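Structure first, commentary second.
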Amino acid sequence: MIVESVVIWRYEERRWLRWFALAAVGGVVAQAILGGQVVIQLLHYWLPVLHACFAQIMFAAILSLAVFTSKWWTEEQPALDDRGGLSIHAIVIINAV
């Protein structure tokens, strides 16, 4: 994560992505500290729950970094035509329900 953050800071022009990478490094450090506390304090109830919830957030953040730095994200993509099926709004509502 540190190496990835350094590479992003060195070569990436998008300022928000630089700060996001730095925040991800901080999150990994925080996750490591939480994990150590879970072991040291012999699994007090609230600490493993916090550690597990924060792990999901960090997974999403690191996955987001992979997506935001991919060629697929940075290159121009052709727009897809709507061919009369369900609209994206209808799909979202059906999915939420």
Give Leu42, Leu47, Leu22 a once-over and let me know the one that is open to solvent by less than 70 Å² (accessible area, probe 1.4 Å) and among the hydrophobic types (A, V, I, L, M, F, W, C).
Leu47
Got a number for residues in region 1-19 being in contact (Cβ under 8 Å) with a residue 24 or more places away in the chain and open to solvent by 100 Å² or more (accessible area, probe 1.4 Å)?
0
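Does region 25-39 hold any residues that are polar (S, T, N, Q) and open to solvent by less than 40 Å² (accessible area, probe 1.4 Å), and which are they? Outline the logic, then answer.
Start the filter on region 25-39 by keeping residues that are polar (S, T, N, Q), which leaves 31, 37.
Of everything in region 25-39, just one residue is polar (S, T, N, Q) and open to solvent by less than 40 Å² (accessible area, probe 1.4 Å), namely Gln31.
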Exception for Phe59 within (1) of a type outside the set (D, E, K, R); (2) over 17 Å from the mean Cα position of the chain (by Cα); (3) open to solvent by 80 Å² or more (accessible area, probe 1.4 Å) falls at (2)
Of all residues in region 88-97, how many are surrounded by 11 or more Cβ atoms within 10 Å (Cβ to Cβ) and polar (S, T, N, Q)?
0
For region 67-87, which positions are out of contact with any helix residue (DSSP H, G or I) (no Cβ under 9 Å at 6 or more places or on another chain), surrounded by 10 or more Cβ atoms within 10 Å (Cβ to Cβ) and either of a type outside the set (S, T, N, Q) or more than 27 Å from Phe20 (Cβ to Cβ) (or both)?
Ser87
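The values are calculated or read from the model by the stated rules, or taken from the named source; none is laboratory data. Remember, it's a predicted structure, so these values are computed and weren't measured experimentally. So basically every Cβ, Gly included, is an ideal-geometry build from the backbone, and we count neighbours across all protein chains shown. Areas reflect the complete protein model, heavy atoms only, side chains present, ligands, DNA and RNA absent. Shrake-Rupley method; radii C 1.70, N 1.55, O 1.52, S 1.80 Å.
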